[in-house]
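Nothing in this text is a laboratory measurement; each read-out follows from the coordinates by a stated rule. Worth saying up front: this structure is predicted, and the values here are computed from it rather than measured. Glycine also receives a Cβ, built like all others from the backbone with ideal geometry; neighbour counts cover every protein chain displayed.
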């Protein structure tokens, strides 16, 4: 148990997935319940009861441990008041840990909600970096779509069936072995058309995305891909943007959007980009990694958000920004390492698979393939950035940069140890100068591979780092 207590005491600050709470104060039970709901609605997390917040106290080490014995009545009240959480959470655990002086720490572990938003007395909360946010009614609806709790692809739309009787519909019918019947009856039997409250048969959004020549115009939503190639490593919003050429918008039925986006982006990467020195920068990012990133962005996006999938090609990387957050049990930390419990647009994916030679539609397999292909080229692995950095989107970053041997040594050390500081990093990498090592650590932090933990004092030597895909309880996601 001493190891667990030491792990807890070494956590330097609260995060999106970690909160410290002493059982003291009139409103503490309500705040803890709000955090349980907020974590369930975001990416899960752990509430540490009986330990003071390291950023709000001058106490150090074991002196921060007050234990739940500080007010056991409040602990009982937390257990009782859980009934106000709707729906009742199944993936919540209370773990009691004995600390010194007969004090008890309780860890409340909250799993990410997979089926619906969770509320507390009809209030819905989400988790920010170190606090909770109460959502208003409009935000609740938007959050339900971005998290995939409401299926946008199954919604009925006012589009004439004749506009769906295209060559893409014929190809799909041929692949399905369908040779007769009206388009209305065919789509109805396939689950791609249904009757609404008015008892009028209408196509689903998935049907329009699959078969219509111009889905964007028919549904008045953004369902295209916008590709932007930029000079430099930053997008500059000036009088004259730093675009290499006019941004290209790629539309059409979803199978064509994916294929044409693949071809266009790969053609840009194949041609390279002229950098400020006059040389042409060549890209080593593997073709399959690019294809998987684009495919996932198009088929797993939220089709209610009025925004395109945006692909930005910089001198040193490719970014693919997709509207919608990770769904079900998937987080930025565990993506590709665990199997997804479901898909946001399952109706769309199901029927896209029926087309001849469809792209790879397996989300987890695609992410694993991206990592493997980048590794073969000795490039950094894909970076996944999402909420709260991007409130309603996921950004996949493919760096066109080889991994230095120093990084591999630091990564290996951090796979066995929770933190690393500048001195330790120099010892294991052979880098002599402190400032040279600082620049490397800073760059890896900016790229999203490390998380910097600032020193408690003003002295530089107290700063340490941890891997970005390791939670503060020491579990690699």
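A few notes on this one:
- For the chain, the longest principal axis of the C-alpha atoms and the axis of helix 363-376 are separated by about 80°.
- When peptides 168-179, 288-299, 309-320 are ranked by their average number of other Cβ atoms within 10 Å per residue, the highest-first order is 288-299, 309-320, 168-179.
- From most to least packed by mean Cβ count within 10 Å, the peptides 109-117, 434-442 give 109-117, 434-442.
- Among 248-259, 383-394, 409-420, the order from most to least packed when residues are scored by Cβ within 10 Å on average: 248-259, 383-394, 409-420
- Prolate/oblate/rounded call for region 405-467, Cα gyration tensor, a/c under 1.5 rounded: rounded
- Note on residue 201 and residue 337: the model spin-label points, each 7 Å out from Cα along the C-beta direction, lie 4.9 nm apart.
- Here the sum of -39500 (n - 2.57) over DSSP H runs of 4 or more residues, divided by the residues of the chain, equals -9500 deg cm²/dmol at 222 nm, to the nearest 500.
- Euclidean distance of C-alpha centroids, region 146-201 and region 37-90, integer Å: 48 Å
- In percent, rounded to a whole number, the relative contact order of the chain is 12, using alpha-carbon pairs under 8 Å and six or more apart.
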